[in-house]
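J.: What follows is a single structure, and I will ask about it in a moment.
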Amino acid sequence: MSSRLLSWKRRYLFYVQDPISTSNLLQVPNTSSFELKIMELPLSFSFQNWDIRYNVLKSDNTSASSRKAKCVVFVHGTPWSSIVFKPTIEALLAKGSYQILVYDLPGYGQSQHLDDSRSATVPESGFLGDTSVKFQALALSELLKHAKLDGKTGNPAPAVMAHDIAGTIVLRAHLLHECEFDTMMLVDANCVLPWGDGFYKLARSESRTFLQLPPSIFEAVVRAVTQSAVHDPRVLLAGWEDALVKPWIEGDGEGQRSFVRQIAQANDGDVAEMLDADFYGRVRCDVKVVWGEQDQWIPREKVEDFIKRLGEKFKEKAFIPDAGHLVMLDQPGRFAIEVFGWLTRFGSPKSFAQS
């Protein structure tokens, strides 16, 4: 038996035998009747004209003898929304005691509303509202202060999970805006250069052309992008594809503008700043890296490069077979095991909040 297979078997047996963490862990919620109510974001935080939508979810099975809940923050990437974390959040809420903050990045999903009445002029780019990684990091830091989850003045320092560009967003919030985190799990994270494939480079350079695409053609483009992010196309048949593309194809063209804007505003300099100053070597918490082995968006060598830059704060990696860029959807059961393992092995009391 290979060492890799043996390691996976041991981890599987550990969680199967653990009475706290395993019941329902491998029973991924049925998505045949696609229900997104749990991912509604009823709370609002206003920041620089953006209406940032978020929610705080709490496990309902916290015992009277254990009134502390572990705080976990989920940060999605592009071109997604927080719904990509639905299976994982449901698994956490089903077992253990957790307080989860989940939100949509400004300009994404349920956070697309921008109060442009205060904007005197339209920028040369033609896009009102900043959605760059640099801005997203600032917005995250302010949201965490608002939610009292920034690790300062007695506030919990949450465990944070970041996917795709959210890896850089979270690292900037941590290293440049002084957010304290208990531990990080970076999933198929885009933290080194170059950024983007051929499509993203084209959309960035020809943003005005993409804004003028007929709705039906634009929808086909968004669906093709979504399909390329999974290894098994059957994953999308249960309602996931429609749910993932919905924010971009509704709103009488506003979704299309939002989609193009977040690509057009992607700035390599937001990553180059971190790389040139060797900021990744200054991370102050333990980091776990997860990657889908069939990820067509982020090659393995970029992941390995990033791991080297983390230095001693890199603690564990999990390269998951038969999974693409949306590893949490391709392999939700295996991914949940990695999440529970991360929270169990690398968490500390500073992430606890009174439940």
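J.: Residue by residue through segment 246-281, note down the ones that are within 21 Å of residue 187 (Cβ to Cβ) and of a type in the set (D, E, K, R).
T.: If the condition is that a residue be within 21 Å of residue 187 (Cβ to Cβ) and of a type in the set (D, E, K, R), then 270 is the only one that fits.
J.: Further question: Count, please, the residues in segment 144-157 that happen to be over 18 Å from residue 68 (Cβ atoms) and buried (at least 24 other Cβ atoms within 10 Å of the Cβ).
T.: 1
J.: Here is a follow-up. So which of 51, 18, 60 ends up being among the acidic types (Asp, Glu) and modelled with pLDDT under 50?
T.: When all the criteria are applied, what remains is 18.
J.: In addition: Among the residues of segment 158-177, is any buried (at least 16 other Cβ atoms within 10 Å of the Cβ), among the basic types (Lys, Arg) and either modelled with pLDDT of 95 or more or more than 26 Å from residue 242 (Cα to Cα) (or both)?
T.: Checked against the condition, which is being buried (at least 16 other Cβ atoms within 10 Å of the Cβ), among the basic types (Lys, Arg) and either modelled with pLDDT of 95 or more or more than 26 Å from residue 242 (Cα to Cα) (or both), segment 158-177 yields at least one hit.
J.: Does segment 188-245 hold any residues that are farther than 24 Å from residue 170 by Cβ, basic (Lys, Arg) and in contact with a helix residue (DSSP H, G or I) (Cβ under 8 Å, 6 or more places away or on another chain), and which are they?
T.: Across segment 188-245, the qualifying residue is only 223.
J.: Which residue, of 318, 272, 323, 266, is within 29 Å of residue 199 (Cα to Cα) and at pLDDT below 95?
T.: That would be 266, the only listed residue that is within 29 Å of residue 199 (Cα to Cα) and at pLDDT below 95.
J.: Report, ordered by the first and then the second residue, all pairs with beta carbons closer than 6 Å, sequence separation of six or more or different chains, a first member in segment 228-254 that is without any contact (Cβ under 8 Å) to a residue 60 or more places away in the chain, and a second member that is surrounded by 14 or more Cβ atoms within 10 Å (Cβ to Cβ).
T.: Within 6 Å, the pairs are 241/226; 245/222; 245/223; 245/226; 249/219; 249/255.
J.: Residue check, residue 33 against (1) among the polar types (S, T, N, Q); (2) modelled with pLDDT of 95 or more; (3) closer than 30 Å to residue 222 by Cα, all met but one. Which one?
T.: Only one criterion in (1) among the polar types (S, T, N, Q); (2) modelled with pLDDT of 95 or more; (3) closer than 30 Å to residue 222 by Cα is unmet by residue 33, namely (2).
J.: Also, quick follow-up: So, residue 87, is that one at pLDDT 85 or above, under 29 Å from residue 222 (Cβ atoms) and part of a helix (DSSP H, G or I) or not?
T.: yes
J.: Could I ask something else about it? So which residues in segment 181-238 are in contact with a Pro (Cβ under 9 Å, 6 or more places away or on another chain) and among the acidic types (Asp, Glu)?
T.: Across segment 181-238, the qualifying residue is only 182.
J.: Filter segment 228-249 for residues that are in a loop (DSSP other than H, G, I, E, B) and at pLDDT 95 or above; which is farthest from the chain's Cα centre (by Cα)?
T.: The qualifying residue farthest from the chain's Cα centre (by Cα) is 232.
J.: Which count do you get for residues in segment 267-291 that are basic (Lys, Arg) and crowded, with 22+ Cβ neighbours inside 10 Å?
T.: The qualifying residues number 1.
J.: Mind telling me which of the residues 203, 189, 139 ends up being buried (at least 19 other Cβ atoms within 10 Å of the Cβ), assigned to a loop (DSSP other than H, G, I, E, B) and in contact (Cβ under 8 Å) with a residue 60 or more places away in the chain?
T.: 189
J.: Restricting to segment 317-335, name every residue that is farther than 17 Å from residue 186 by Cβ and of a type in the set (Gly, Ala, Ser).
T.: Of everything in segment 317-335, just one residue is farther than 17 Å from residue 186 by Cβ and of a type in the set (Gly, Ala, Ser), namely 333.
The values are calculated or read from the model by the stated rules, or taken from the named source; none is laboratory data. Since this is a predicted model, take the numbers as computed values, not measurements. Don't worry about glycine lacking a Cβ; one is built from the backbone with ideal geometry, like all the others, and counts go over all protein chains shown.
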